[in-house]
Amino acid sequence: MSYASSEKAAGPTAFAPYLDAVASIFHPVAGPVLNTYGRFHGWKESMGLIQPGTVENLTRDVQQVHLANWTFEGARADVAKVVSANPAFQLTHSFSLGSTTRPSAYNFGAIFANASTFLQGGIDGSGTVTMRANQTWSPADITKIQGQLTDKPGQSMVQIEHDHLGPHYSFSWKSMNPGVLDGTGIHIASLLHSFSPRLSLGFETVIQHPQPSILETSTSYVAKLTSLPNALAALTPSVPGQPAPFTPSWSATAQLQPSGNIQTTYYQKLSDKVDVALDLQTIVQPASMLGPAKREALATLGAKYDFRMATFRGQLDSAGKIGMYLEQRFTPAFAFLVAGEIDHAKNTSKFGVGIMIESSSMTQEEMIAAGMLAPA
């Protein structure tokens, strides 16, 4: 009896004729639109388009090779203690001293991470508190929040960002110190879309709204060209049951800035242990009250070598500056750092040494199970 009653309840209702009538009214308009979208989507799928990444990470490969994010001056020591591996929880102590550009400093930090959440916080000797949080809602959506709280006027800030990664495009929105009621702050919108398996085009618009009565916008245009997939993809570890990620053997980018300046980069992975990267920036500045007209260009060439227990980075630019960075690991828990830079044009030099120590409260069996140590 219950089965018969359930079938009766699942039958057409009294509203079915009205719903069919409404559908028949909109079908002449909605039908062609849906069919056109379906054909357009099928055409895009047949082109073999790829996920191009975000505009913010357009030159990430070049940044991993060049020294801007790695070099330092003076002495530094980073001590980390792994409390847990899953979920990851780590405490860090960072010391730096002897630098001519910044005074001695100490920073205490903590990191928590699991499959979808990343939390990082820190406080330095002056009382400045920093934080960062990333939340992955799905493989296509991630929200990021950064903040800094300090007693120095004008240096406290909050930044909210969201990235949406579509199958063939990426859209990002970033707001710094946003005003909830009046919409003030600095807002950045960027879009990068794949137009072929090798070419991606996009733009980045900066909206400066410091006051309700002031609104300024500027747009830069970007392009990215990559090589087709080849045997180099076999060097990238893949997860069983999932397709190997697309790994280009080379990539070239170009960015046209609102001021008319152009930045171009080229990155090539020569092997699984050797990477090279080239960056070219033009500096065109008309004559103004700030100074005379300027027409310059700066080219920077860098290389990264990965050895069994060490990583070496070297860099040379057209202004006569030479730099290097060496990270030598003697054990998985201890590394020695050396950084140096010589500017022949200015007759100046910088030098830095440091160590990184990592300890864990887990047993050897727990570390092997977490993948932190290789089985004996």
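In table form, for the structure just shown:
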| quantity | calculated |
| --- | --- |
| Simple label model, 7 Å out from Cα along Cβ direction - T217 to Q281, nm | 2.7 nm |
| Partner lysines for K224 [C-alpha distance under 17 Å; skip if fewer than 8 residues away on the same chain] | K269 |
| Set K273/K350; K304/K346; K152/K321; K81/K321; K294/K346 screened for pairs whose C-alpha atoms are more than 29 Å apart | K152/K321; K81/K321 |
| At R0 = 51 Å, FRET efficiency that the Cβ-Cβ distance of F307 and D182 yields, to 0.05 | 0.40 |
| A297/S359 FRET efficiency (R0 45 Å; Cβ-Cβ; nearest 0.05) | 0.45 |
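Read-outs: derived from the displayed coordinates by stated rules, not from any lab. Remember, it's a predicted structure, so these values are computed and weren't measured experimentally. Cβ sites come from the backbone with ideal geometry, for glycine too, and all protein chains shown count toward neighbours.
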